[in-house]
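**Q** Take a look at this one; I'll ask things after.
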Amino acid sequence: MAVTITKWDSAEHLDSEEAIAAFLAEAMEIGEQKFIVHALNTVARARGMTQIAKDAGIARQALYKSLGEDGNPTLSTLLGVFKSLGLTLAVKS
């Protein structure tokens, strides 16, 4: 009997504003740069990378590169992505 394995894609399960906010909040809580960038990439794919890039005022290819595996997005890119998602960054002590 063969076992069928499918690739898990978190983006397919981020189907509400609450799920997206919780997903990104957890990534920020972990606090590792690569994990945060990966989480932002996942959310951008869930919402549509082209639309996020357009709303953030970033070229689509630049957004793919910034949020890719070796990406290192600038603060302006991060702020643009968060704004396009309708989210804000906050500092708490």
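Where a number appears in this text, it was derived from the coordinates with a stated rule and is not lab data. Every value quoted in this text rests on a predicted model; they were computed, and no experiment measured them. Cβ: placed from backbone, ideal geometry, glycine included. Neighbour counts: every protein chain shown.
**Q** Which whole-number percentage describes the relative contact order of the chain, with Cα contacts under 8 Å and a sequence gap of 6 or more?
**A** 23 percent
**Q** Which length gain, in nm to one decimal place, applies between Val91 and Met28 when the Cα-Cα distance is subtracted from 0.36 nm times their residue separation?
**A** Difference between extended and current length: 21.6 nm.
**Q** Same structure, new question: Would you tally the net charge around Ala25, using a Cβ to Cβ cut-off of less than 13 Å, leaving Ala25 out, and scoring K and R as +1, D and E as -1?
**A** So the surrounding residues net to -3.
**Q** Which whole-angstrom value gives the distance between the alpha carbon centres of the stretch 1-29 and the stretch 66-91?
**A** The stretch 1-29 and the stretch 66-91 have Cα centres spaced 19 Å from each other.
**Q** Further question: So for the pair Gln51, Thr4, with labels modelled 7 Å out along Cα→Cβ, what separation do we get in nm?
**A** 2.9 nm
**Q** Using a Cα-Cα cut-off of under 15 Å, which aspartates and glutamates could be cross-linked to Lys65, ignoring same-chain neighbours fewer than 8 residues away?
**A** none
**Q** Karplus couplings for the stretch 3-14 from phi (6.51 cos²θ - 1.76 cosθ + 1.60, θ = phi - 60°), rounded to Hz, Gly and Pro as x?
**A** 9, 9, 10, 10, 6, 7, 10, 4, 4, 5, 10, 8
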